[in-house]
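The values are calculated or read from the model by the stated rules, or taken from the named source; none is laboratory data. Bear in mind the structure is a predicted one, so any value in this text is a computation, not a measurement. All Cβ positions, even for glycine, are placed from backbone atoms using ideal geometry, and neighbour counts span all protein chains on display.
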Amino acid sequence: MVLRQLIQRHSLLVMVAGLLIWSAFFLAAYIFAAIACEVSLAQTELLGGDVLTLGIVALMLLALALIAAVGLMSLRGWMAEAGTTRGEEPGERRRFISFVCLTLCGYALIATLWVALPAFLLSGCT
């Protein structure tokens, strides 16, 4: 019900919600890395790892959880509209928007992991 209301009112915003979350993660991760390197937090140990890596991992987990929540919400919306017959304008529109949102959430999940990958493979500030 809530998804239907969101899609009817803010369909473009709902479709790109996963990519918006990814872009916010991208920006936050690079700002956090820049500040951590400037203040020398990268060499500080916390819970068995450096603060830079742990901070990016925490941001990544938050972004993945939010993207997964939006993706599951869109999956529910897509499945709920599966019974609509062809030619029903509102039902087809909601189903299409839910499918596009689900697909973009999948892309956003991959992009989030790709952006966070250097935190695992490379050393801190160089």
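Taking the conditions exactly as written (in contact with a Lys or Arg (Cβ under 9 Å, 6 or more places away or on another chain), modelled with pLDDT of 75 or more and either under 21 Å from Trp22 (Cα atoms) or not basic (Lys, Arg) (or both)), does Ser98 satisfy them or not?
Numbers: in contact with a Lys or Arg (Cβ under 9 Å, 6 or more places away or on another chain): yes; modelled with pLDDT of 75 or more: yes; either under 21 Å from Trp22 (Cα atoms) or not basic (Lys, Arg) (or both): yes.
Yes; evaluated as a whole, the condition is true for this residue.
Show the residue pairs that are 6+ apart or on different chains and have beta-carbon atoms under 9 Å apart, the first residue being within the stretch 96-111 and closer than 14 Å to Met79 by Cβ and without any contact (Cβ under 8 Å) to a residue 40 or more places away in the chain, the second being assigned to a helix (DSSP H, G or I) and of a type in the set (Ser, Thr, Tyr).
Listed by first residue and then by second, the contacts come to Phe99/Ser74; Leu102/Ser74.
For the stretch 16-28, give me each residue that is crowded, with 22+ Cβ neighbours inside 10 Å and modelled with pLDDT of 90 or more. Before you say what the answer is, go through the steps one by one.
Quick first cut of the stretch 16-28, residues crowded, with 22+ Cβ neighbours inside 10 Å only: 17-18, 21-22, 25.
Those that are crowded, with 22+ Cβ neighbours inside 10 Å and modelled with pLDDT of 90 or more: Ile21, Trp22, Phe25.
Of (1) modelled with pLDDT of 80 or more; (2) over 30 Å from Cys125 (Cα atoms), Val57 satisfies all except one. Which?
The failed condition is (2).
Given the conditions (1) small (Gly, Ala, Ser); (2) surrounded by fewer than 16 Cβ atoms within 10 Å (Cβ to Cβ); (3) modelled with pLDDT under 90; (4) in a helix (DSSP H, G or I), and given that Ala33 satisfies all but one, which numbered condition is not satisfied?
(2)
Which condition does Ala65 not pass, out of (1) surrounded by 13 or more Cβ atoms within 10 Å (Cβ to Cβ); (2) at pLDDT 90 or above, if it passes all the others?
Every condition holds for Ala65 apart from (1).
Does Thr85 satisfy being at pLDDT below 85 and outside any helix (DSSP H, G or I)?
Details: at pLDDT below 85: yes; outside any helix (DSSP H, G or I): yes.
It is true that Thr85 is at pLDDT below 85 and outside any helix (DSSP H, G or I).
Regarding Leu13, is this residue under 23 Å from the mean Cα position of the chain (by Cα), surrounded by 13 or more Cβ atoms within 10 Å (Cβ to Cβ), modelled with pLDDT of 75 or more and not in a loop (DSSP other than H, G, I, E, B)? If you could, list the steps in order and put the result at the bottom.
Numbers: under 23 Å from the mean Cα position of the chain (by Cα): yes; surrounded by 13 or more Cβ atoms within 10 Å (Cβ to Cβ): no; modelled with pLDDT of 75 or more: yes; not in a loop (DSSP other than H, G, I, E, B): yes.
Here the answer is no, as Leu13 does not meet what is asked.
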